[in-house]
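First comes the structure, then the notes that go with it.
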Amino acid sequence: METKLTFKELGLSEWILNHLKSLGFNKPTPVQRNCITPILSGEGCMGCSKTGTGKTAAFALPILQKLSEDPYGIYCLVLTPTRELAYQISEQFALLGKPINVRTTVVVGGMDSLEQAAELKRKPHIVIATPGRLADHIRNSENGVNFRKIKFLVLDEADRLLDRLDGDFGDDLDVIFNILPKKRQTLLFSATLTDTLKEVQDLNAKKPFVWSEPKTVSTVDELDQRYVLIPEHVKDGYLVFICNSILESSPNHSIMIFTKTCKNCQIIAMLLRSAGFDCTSLHSLMSQRSRLDSLSKFKSSGTRLLIATDVAARGLDIPLVQTVINHNIPGAPKTYIHRVGRTARAGRSGMSISLVTQFDIHRVQAIEEVINTKLKDYEVEENAVLKILTKVNVMRREIEIKLEENDFGERRKLNKRKAIMREGRDPDEEKKQEKRLKFERRKRERKLRMKQGPNKMSST
Ligand code: AMP
């Protein structure tokens, strides 16, 4: 039962209450109403709530209050799957903890490692990190990174971090957990948490307080979810046409386009630029500086189009996205949920348009099952698309040739191989292992589909 309705009733201190007032945070959101008090009273906590519902403040506020009572560094470690999320969380901590001059450090890949090591030595109050880079610091530091006295461990987007089949974080997390004190509060937050319950019990010394949003649907009612069923080779033509018609009728709209691979992300960005759109992109083959620049340009409405891989699918708070376009349909329904969660945030309306081919129908069914909603048809004037189709397809081919000439992505593959060998591991063996995991994941997906039964997309 939710009885506590104000920040004051949750037990927050006077300085926080005054600060929240000045920030215009008038009342707590449900995840804050339910999780802040248990965290303040020393419990471990698992909070499951949709993106954009104030999850960060739900853990940051009680941590900052405890920190203000007994300030020392390093007080709290926050782990999160993507670099951009790490920066976003750091910004929230800095904003909410301004009255106590909270010191935060972001430790992520793609940024200067020596600088990060020096910052860690200065013992900031809050360290926000992606597992890979933090584990590197721990492995490479002579005296070890000193997290022995941390009071809080937060796993943000916990399901992604802990999902060993999905993820690449397993080994790095082991290295990190190994140096943390047993006595600490562990807080887990995510939009989709269920699969991780068992792992969490191992992480928490005591049984955690668990709170989950009461609704079973995982996308918001304000989101209008559409699809276009088309053959694979016309996707780009449809994409250009849809972007054009949205921006022509609403020039101030912001659109996020999601695709699966870095290469396709790069191709689509170049394609849309050739077609006359101003756009930015975000994928993991870009330098971290370019990633942050792209994101801030899009956030400040300097450009209306952002093309991204799933590195941008989770948790990013970009308030003004009106449309999300899925250039591919993700295999995991939760990835779809995270992607479309970039729009229709904080009570605003939004639309998602998924480009569906005949090969994706089972994926759409699985998504519809999980979100408990049927995607609706998005009407597109087919003849208008046909007029631009050849031109768009020629543009793609030209861009693909250009990228092949420049060995796009090859350097990273080589560097990854060298790094594995430097650590005395066998890259070929690891590739085999990756393949095995991928195979198991596909098997799981297939099983899920079999359980879900016949085709439910009415228009197919
Ligand atoms: P999050 O779900 O943590 O990404 O938060 C989404 C956005 O909501 C962020 O910009 C927060 O600053 C904002 N926010 C969080 N809690 C509140 C609140 N109680 N009232 C108003 N805005 C909030």
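The values are calculated or read from the model by the stated rules, or taken from the named source; none is laboratory data. The model shown is predicted, which means the values in this text are computed figures rather than measured ones. Here the Cβ positions follow ideal geometry from the backbone for every residue, glycine too, while neighbour counts run over all protein chains shown. The accessibility values were calculated without ligands, DNA or RNA, using every heavy atom of the protein model including side chains. Shrake-Rupley method; radii C 1.70, N 1.55, O 1.52, S 1.80 Å.
Couple of notes before you dig in:
- Of the peptides 169-181, 59-71, the ranking by mean beta-carbon count within 10 Å, highest at the top, reads 59-71, 169-181.
- Charge dipole of the chain (Cα centre as origin; +1 on each Lys and Arg Cβ, -1 on each Asp and Glu Cβ, all else neutral): 680 debye, rounded to the nearest 20.
- Percent carbon-and-sulfur accessible area, the chain, ignoring ligands, DNA and RNA, probe 1.4 Å: 50 percent
- When you filter the trypsin sites (Lys or Arg not before Pro) in the range 102-142 for DSSP loop state and at most 16 other Cβ atoms inside 10 Å of their Cβ, you are left with R122.
- Residues S141 and R348, FRET efficiency given R0 of 45 Å [Cβ-Cβ distance, rounded to 0.05]: 0.50
- Virtual paramagnetic centre 7 Å along Cα→Cβ of S249, amide N under 14 Å, in the range 304-324: 323
- Taken over the alpha carbons of the range 23-70 as equal point scatterers, the Debye sum produces base-10 log I(q)/I(0) values at 0.19, 0.24 Å⁻¹ of -0.58, -0.89.
- Mean separation of Cα contacts under 8 Å (6+ apart) over length of the chain, as relative contact order %: 15 percent
- Inter-label distance for R122 and T261, nm, one decimal - labels placed 7 Å from Cα along Cα-to-Cβ: 4.2 nm
- Contact order for the range 8-212, expressed relative to its length and based on alpha carbon pairs under 8 Å spaced 6+ residues apart, stands at 27 percent.
- For the peptides 219-231, 302-314, the ranking by packing is 302-314, 219-231, with the highest mean count of neighbouring Cβ atoms within 10 Å listed first.
- Links that overshoot a 27 Å alpha carbon limit, given the list K182/K447; K334/K376; K402/K438; K55/K149: K182/K447; K402/K438
- Across all C-alpha atoms in the chain, the radius of gyration and Dmax reach 22.6, 67 Å.
- The listed peptides 92-99, 318-325, ordered by packing as a protection proxy, come out as 318-325, 92-99 (highest mean of other Cβ atoms within 10 Å first).
- Shown are D159, D377, whose ranking by accessible area with a 1.4 Å probe and every protein chain present, most to least, is D377, D159.
- Scaling the Cα radius of gyration of the range 223-405 by the globular reference 2.2 N^0.38 Å produces a ratio of 0.96.
- Where labels lie 7 Å past Cα in the beta-carbon direction, separation of F439 and L95 in nm: 4.7 nm
- Helix runs (DSSP H) in the chain reaching 30 Å along axis by Cα, Kyte-Doolittle at least -1.0: 382-405
- For the range 41-48, 3J(HN,Hα) per residue [Karplus equation, 6.51 cos²θ - 1.76 cosθ + 1.60, θ = phi - 60°, Hz, x = Gly/Pro]: 8, x, 7, x, 8, 10, x, 10
- Amide H contacts of I353 (H built 1.01 Å from N, under 5 Å, at least 5 apart or other chain): R226, V324, I325, N326
- Put simply, the range 8-212 fits an ellipsoid with semi-axes of 25, 20, 15 Å; these come from the alpha carbon gyration tensor as the roots of five times its eigenvalues, largest first.
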